[in-house]
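Structure first, then comments.
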Amino acid sequence: MASLITCPHCGVRPKEEFAIRGDASRGRPEPMDSDEAWHDYVYVRANPRGRTLEHWHHIAGCRRFLVVERDTETHEVYSVVDAAEFARRAAR
Amino acid sequence: MRYSAFSLVRNALSGNLNWKPHWRQPQPKSHYDVIIVGGGGHGLSTAYYLAKEFGVKNVAVLEKGYLGSGNVGRNTTIVRSNYMLPGNEPFYEFSMKLWEGLEQDLNYNVMLSQRGVIMLYHSDAQRDAYVRRGNAMWMEGVAAELIEREQLKKTIPFLNYDHARYPILGGLLQRRAGTARHDAVAWGYARGADQHGVDIIEHCEVTGIRRENGVVTGVETTKGFIGCGKLALAAAGNTSRVGEMADLKLPLESHVLQAFVTEGLKPCIDHVIVYGGGHFYISQSDKGGLVFGAEIDGYSSYAQRGNLATAEHVMEEGVTMIPGLSRVRVLRAWGGVMDMSMDGSPIIDRTSIDNLYLNCGWCYGGFKATPASGYCFAHLIAKNDTHPVARALRLDRFARGYAVDEAGAGPQPNLH
């Protein structure tokens, strides 16, 4: 259930401790990128039924941003990693 | 068959054995002028107005489940037009006016009950915001009244006026607003559309959209290929998935919203009451059950169920506003999947594909819009031109910088 998230720093916590920022699958465009790139980043969503990556901010805990891989239909959580660790892995 | 006092008596005297089904169960034809994907309130009202007002008779509505099994059967039935922004208020007032004539128009009892919607305020700042909203409504010709605390106490005595954090100081009332019977709205529109020759095809899921030379030529379905001249999407929570079949990239997220109904009580809540301290809204159905809901669950979801923490939060808000609610048993809860748009307002527009039309992004306020949504969408499909009251609701408003941000929450669907 997505009502419980296992924070890599704090352990199993209820979702009420988190602020959810949504889609974590795409990177932020550069400041001078096209209007279209910024429009897509701010407004357009893939909105899949199934696996998705999201930012969850552990606002009432360690205050770290996390990347949660979750199924939007079954609410199953596959992985939770710190956002910094996620970015390092993506850069590699 | 038209309903009348005479038809009631005649059928009663013949043992109620001669009532006919409200709509036919046709097999799909090989080609339609217009196919509407989605047999909910908006799809059915679109079909009805297309046939009745705009003379497009060769229309099919495709529904993957049974008719009205989506959000039109899973909502809190509230009808109102107490909006503030110039792009929204005329649209919802147009809808309110259609509601007021709907039963005569459809020859069907949708049990419209203009019992009044009252939105409570708990601080001076919130009072000012509601005065402003009321004035914005008056500027569009819609009556609104500010009710002060003492007067409200006489009208609605059971509220928690002395709450330590959210004392109730008054409310903004729209008297013409109220509720309608949600299932009857779907059935009434279905019957009306059917009488005008629309084919309503249930248990027919769209699995693909076929395109040739850049235009849509038909849809693949679980009942085979069906060709069309124009394709109109009114698929609510599944819009992203249907849109994907035509490579549409949409400003939508799907979220789940829960609602609840209690055991039947004697009449006790006369209005629809909206709690300004949170997002809680409650009314009493004609059967006596209290019907209420609050916020979405917060994260995107296609599951037609919510989590218990949100259910608990809704109950807390309700009991904060009406302490007596703690003694009432909840009979049923349900979760509907809504397509939350990025600014909280709907989208009625053409798409980048010439004969593909889009009606989506109703967030959790689609029920009140059912008549106007159908009318404006039918106008768009029939004339290829946006209806004047829906001009602010076009898809390209995000790119142009004209988002209709009624809640002022920015482009984050879980915040409005």
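The values are calculated or read from the model by the stated rules, or taken from the named source; none is laboratory data. Here the structure is a predicted model, which is why all the values come from computation and not from measurement. Backbone-built Cβ (ideal geometry, glycine too); neighbour counts: all protein chains shown.
A few remarks follow.
- Some residue of the range B:391-398 being farther than 20 Å from B:Leu50 by Cα and aromatic (Phe, Trp, Tyr): yes
- Selection count where residues are touching a residue at least 40 places away in the same chain (Cβ under 8 Å) and within 10 Å of another protein chain (Cβ to nearest Cβ), scope the range A:48-78: 4
To keep it simple, each residue is scored yes or no on (1) assigned to a loop (DSSP other than H, G, I, E, B); (2) within 30 Å of B:Met139 (Cβ to Cβ); (3) within 22 Å of the chain's Cα centre (by Cα).
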site	(1), (2), (3)
B:Arg10	no, no, no
B:Asn16	yes, no, no
B:Lys20	yes, no, no
B:Tyr32	no, no, no
B:Gly39	yes, no, yes
B:Val61	no, no, yes
B:Val72	no, no, yes
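- Neighbours by Cβ (under 9 Å, 6+ apart or cross-chain): first from the range B:331-346, more than 23 Å from B:Ser95 (Cα to Cα) and more than 12 Å from chain A (Cβ to nearest Cβ); second of a type outside the set (Val, Ile, Thr) and assigned to a loop (DSSP other than H, G, I, E, B): B:Ala333/B:Arg305; B:Ala333/B:Gly306; B:Trp334/B:Arg74; B:Trp334/B:Gln304; B:Trp334/B:Arg305; B:Trp334/B:Gly306
- Being in contact (Cβ under 8 Å) with a residue 40 or more places away in the chain, among the hydrophobic types (A, V, I, L, M, F, W, C) and under 24 Å from B:Val110 (Cβ atoms) is a condition met by at least one residue of the range B:348-359.
- Evaluating B:Ala177 against the criteria (1) closer than 25 Å to B:Asn58 by Cβ; (2) buried (at least 21 other Cβ atoms within 10 Å of the Cβ); (3) small (Gly, Ala, Ser) leaves one unmet condition, (1).
- Filtering the range B:283-300 to residues that are of a type outside the set (Gly, Ala, Ser), within 14 Å of chain A (Cβ to nearest Cβ) and out of contact with any helix residue (DSSP H, G or I) (no Cβ under 6 Å at 6 or more places or on another chain) leaves B:Glu295, B:Ile296, B:Tyr299.
- Hits in the range B:373-416 (condition: in a loop (DSSP other than H, G, I, E, B), touching a Phe, Trp or Tyr at 6+ places or on another chain (Cβ under 9 Å) and within 14 Å of chain A (Cβ to nearest Cβ)): B:Arg394, B:Asp396, B:Ala403, B:Pro411
- Residue in the range A:79-90 that is away from chain B (no Cβ under 11 Å), out of contact with any Pro (no Cβ under 7 Å at 6 or more places or on another chain) and either part of a loop (DSSP other than H, G, I, E, B) or within 22 Å of B:Gly306 (Cβ to Cβ) (or both) present: no
Results for (1) surrounded by 22 or more Cβ atoms within 10 Å (Cβ to Cβ); (2) out of contact with any Gly (no Cβ under 6 Å at 6 or more places or on another chain); (3) not β-branched (Val, Ile, Thr), shown as yes or no for each residue.
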site: B:Ala186; (1), (2), (3): yes, no, yes
site: B:Gly192; (1), (2), (3): yes, yes, yes
site: B:Arg210; (1), (2), (3): no, no, yes
site: B:Gly224; (1), (2), (3): no, yes, yes
site: B:Ala235; (1), (2), (3): yes, no, yes
site: B:Ala246; (1), (2), (3): no, yes, yes
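- B:Ala303 meets the conditions (1) buried (at least 24 other Cβ atoms within 10 Å of the Cβ); (2) within 14 Å of chain A (Cβ to nearest Cβ); (3) not in a strand (DSSP E or B) in every case but one. The failed one is (1).
- The listed residue being over 18 Å from B:Ser341 (Cα atoms), touching a helix residue (DSSP H, G or I) at 6+ places or on another chain (Cβ under 7 Å) and hydrophobic (A, V, I, L, M, F, W, C), out of A:Ala2, A:Ala19, A:Ala37: A:Ala2
- B:Thr217 vs. criteria more than 14 Å from every other protein chain (Cβ to nearest Cβ) and in contact (Cβ under 8 Å) with a residue 24 or more places away in the chain: no
- A count restricted to the range B:66-91 and to residues that are under 16 Å from B:Val185 (Cβ atoms), touching a helix residue (DSSP H, G or I) at 6+ places or on another chain (Cβ under 9 Å) and not polar (S, T, N, Q) stands at 8.
- In the range B:86-95, the residue that is farthest from B:Arg332 (Cα to Cα) out of those that are modelled with pLDDT of 95 or more and surrounded by fewer than 22 Cβ atoms within 10 Å (Cβ to Cβ) is B:Pro90.
- Comparison of B:Asp385, B:Asp405 shows that the only residue that is surrounded by fewer than 20 Cβ atoms within 10 Å (Cβ to Cβ), more than 19 Å from B:Ile36 (Cα to Cα) and not aromatic (Phe, Trp, Tyr) is B:Asp405.
- Neighbours by Cβ (under 9 Å, 6+ apart or cross-chain): first from the range A:36-47, more than 7 Å from every other protein chain (Cβ to nearest Cβ); second in a helix (DSSP H, G or I): A:Glu36/B:Ala399; A:Ala46/B:Ser240; A:Ala46/B:Glu244
- Restricting attention to the range A:69-92, the residues being surrounded by 15 or more Cβ atoms within 10 Å (Cβ to Cβ), under 11 Å from the mean Cα position of the chain (by Cα) and more than 28 Å from B:Ser345 (Cβ to Cβ) number 6.
- When residues in the range B:310-335 are screened for being touching an Asp or Glu at 6+ places or on another chain (Cβ under 6 Å) and within 30 Å of A:Val68 (Cα to Cα), 1 of them pass.
- Here B:Ile273 does not fit the description of being under 30 Å from B:Met1 (Cα atoms) and at pLDDT 95 or above.
- Any hit, the range A:11-27, residues being in contact with a Pro (Cβ under 8 Å, 6 or more places away or on another chain), under 27 Å from B:Leu308 (Cα atoms) and within 12 Å of another protein chain (Cβ to nearest Cβ): yes
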